[in-house]
Amino acid sequence: MERELDIYLFHRGEHREAYNYMGAHCTKKSVIFRVWAPHAKSVAVVGDFNNWDGSNHMMNKINAEGIWELEIPKLKKMEKYKYRVEDSNGNVIMKADPYAFYSEVRPNTASIVYDVPKFKWADKRWLNKRTTGLNKPINIYEVHLGSWKRGIHGEWLNYRDSAMMLCEYLKEMAAAEKFGVEPPEKKKTIVVDYGGPNVAKPLHVGHLRSAVIGESIKRINRYKGHRVIGDVHLGDWGLQMGLIITELKARKPELPYFDESFTGEYPQEAPFTVSELEEIYPTASGKSKEDPAYKEAALEATLRLQSGDRGYRALWKHIIAVSVADLKKNYSNLDVEFDLWKGESDADPLIPGLVNRLKESGLAYESQGALVVDVKEDTDTKEMPPCIILKSDGAALYATTDLATIVDRMENLHADSLIYLADKRQEMHFVQVFRVAKKAGLVTPETELKYVGFGTMNGKDGKPFKTREGGVMRLEYLIRDIDEEMYRKVSESRHDLSEEEARKIAKIIGLSAIKYGDLSNQASKDYIFDIDRFTSFEGDTGPYILYTIVRIKSILAKYQEQGKSLENLCLEEAQGASEKDLMRQLCSFNAMMDSACEETAPHKICAYIYDLANAFNKFYHETKILAEEDQKKQAGWIALLKLTKEVLETCIDVLGFSAPDRM
């Protein structure tokens, strides 16, 4: 099985045509040295790896393109040579030992030895990723080494050669499906559990992060080629349902749902609107805290519902239907879609079997009347209490429901990976649930259980985001405020737009402001939600990214207005520094997307498109694209712009927003 090959461009200032590229790749069992030296007659590795004999080891030429390889078993104390090098986006570009190996290339009969002495990394830049005869692509990085042992000062690899490589790779990238992003070796079924709203309650700003991050993680994994199922996992069971039923009975006791002698068909239309429902729950919750008898009635209503009372079940279905319809509308405004609208109620029938399974396996035992499972491990550095499965009164908890849901997802969805989005303060809960699932065999040893804990969305005061009055802001009001701000800015800058079109554009830009503002931060970190900054067309913002895409669209449209076609364009080698830098940024798309998928890290995509937008705008300001008289050169630039636009549009799509045609 071929491995992915990492190649590093080491240029030392002389003999650059004879010695080209060298790299190393560490595995658990060996170190693999590879070089690309198409003109070499022989290649040898000379090293000082502790107990290695230090003699020359001749490399084998493994394909016609000039790739040479030598695999050496990992030796004692090899760990001390491990280190990590990352590019500007945090992608790992090397895990090897630059201090302990030397390379010898013999381009002709003369023996010329080039050694790689100890050095410090001066700079790292992604250069290229090109396809060879190997089954895997080659990742090529450009590395400036600084001064050499022999006093030869390093410099960048010949620009003419690297420009050619960049151009050739981008041609392949433009022609390939998904720009050459490789499908996974094994296609997984991944369930992403995100959203998590409670029915009968309006969405508020606290629901934003789970929805936005989860939607992006779902889209990233789908783009990579996995089967991904998004599940909202509603809070639709428990005391809150009993509270709503109790308050409805107090207000409308004449409804047939409360008549135990009623045997007919219940009304198809709900006896309340979503606005009434949203008012009923907080009223009932407040009463239960002040009136013990009211709370007792709510508990009794909850028990009757869960025991299958016909009238209460019919009323509960109305609550779910009205709530879900409103939730779908609000999530649609965020361009968030779920494949499954399951809730805690779907897991409830599985709880008795789960409890029996835990008891029969000997994992569950009674402690102070409750049923618990020990999850503490020897490696824990902080206290890890047992996971409570049932309370002393026999009631299930969130952990019970989550475990039953895992059973459902494994048996019916055949999940290979389960990803959960929740506030980072719930970390212990998920550690407990995952450990129980593994100990009880609810998942296979290969099943991936991943918890993505997110930080808090704060206001400018550094405290959780609130309304001016100090209350929790409804999510639809936040979206409305952002859209109004964007409408104001669009109207001020574009007097030629109708109000309808201006509002449509403002809505698209507003969504980019919200989502990019959130996703550009690492999920686990708290961040400041600054409306003024997020809606700016300058800086690291969603509107800036969209402005860049619209600028490219405008140039392409004007090019077509000159009677020229966007079809069959051919990229040309970069002539200037800004053009080459733009090409470099495009070339790192595949590695970035792989990293974002593997690490469930949408912020890496944001960082990438911000760098790409900056690279394009620098090139744009330095180049008179439409005024260029050399038709071949102009067509090459247009091809580069077209590819840039397509990559940017792909990235914002997996982030969960789109770009207008003009703004």
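The values are calculated or read from the model by the stated rules, or taken from the named source; none is laboratory data. This one's a predicted model, so the numbers in the text were calculated from it and none came from an experiment. A quick note on method: Cβ atoms are made from the backbone with ideal geometry, for glycine too, and the neighbour counts reach across all protein chains shown. Accessible surface areas use protein heavy atoms only, side chains included; no ligands, DNA or RNA. Shrake-Rupley method; radii C 1.70, N 1.55, O 1.52, S 1.80 Å.
Rank Tyr398, Tyr194, Tyr487 by accessible area, highest first, at a 1.4 Å probe radius? Please list the in-between numbers first.
Values: Tyr398 155, Tyr194 0, Tyr487 45 Å².
Sorted descending by solvent-accessible area, the residues read Tyr398, Tyr487, Tyr194.
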- request: Based on alpha-carbon positions alone, could you give the equivalent ellipsoid semi-axes of the range 559-600 from the gyration tensor, as √(5λ), descending, whole Å?
  value: 29, 16, 8
statement: Here the Kirkwood hydrodynamic radius of the range 400-490, Cα-based and in Å, equals 16.3 Å
- request: Would you mind getting me the FRET efficiency between Glu448 and Met384? Use the beta-carbon distance for r and R0 = 22 Å, nearest 0.05.
  value: 0.55
Over 23 Å (Cα to Cα) - which of Lys295/Lys359; Lys450/Lys604; Lys489/Lys558; Lys187/Lys450; Lys424/Lys460 fall in this group: Lys295/Lys359; Lys489/Lys558
message: A 27 angstrom limit on the alpha carbon distance is what I want to check against. Which of Lys224/Lys564; Lys515/Lys553; Lys188/Lys507; Lys188/Lys580 exceed it?
response: Lys224/Lys564; Lys188/Lys507; Lys188/Lys580
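I need the Kirkwood Rh of the range 462-517: take the reciprocal of the average 1/r across all distinct C-alpha pairs and report it in angstrom. Could the numbers behind the result be given before it?
Working: mean 1/r = 0.0817 Å⁻¹.
Kirkwood radius, the range 462-517: 12.2 Å.
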statement: On the formula 1/(1 + (r/R0)^6), with r taken between the Cβ atoms of Lys463 and Leu397 and R0 of 41 Å, the FRET efficiency rounded to 0.05 is 0.90
- line: Here, Glu476 and Glu254, labelled 7 Å along Cα→Cβ, have an inter-label distance in nm of 2.9 nm
- line: Counting only protein heavy atoms and leaving out ligands, DNA and RNA, the solvent-accessible surface of Leu586 at a 1.4 Å probe, in Å² to the nearest 10, equals 0 Å²
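Just to verify a number: FRET efficiency for Glu177 and Asp653, C-beta to C-beta distance, R0 = 22 Å, to 0.05?
Between Glu177 and Asp653 the formula returns 0.90.
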statement: Phi-derived 3J(HN,Hα) across the range 332-347 with the Karplus relation (6.51, -1.76, 1.60, θ = phi - 60°), rounded Hz, x for Gly and Pro, is 4, 5, 9, 6, 10, 10, 10, 7, 10, 10, 7, x, 4, 5, 5, 8
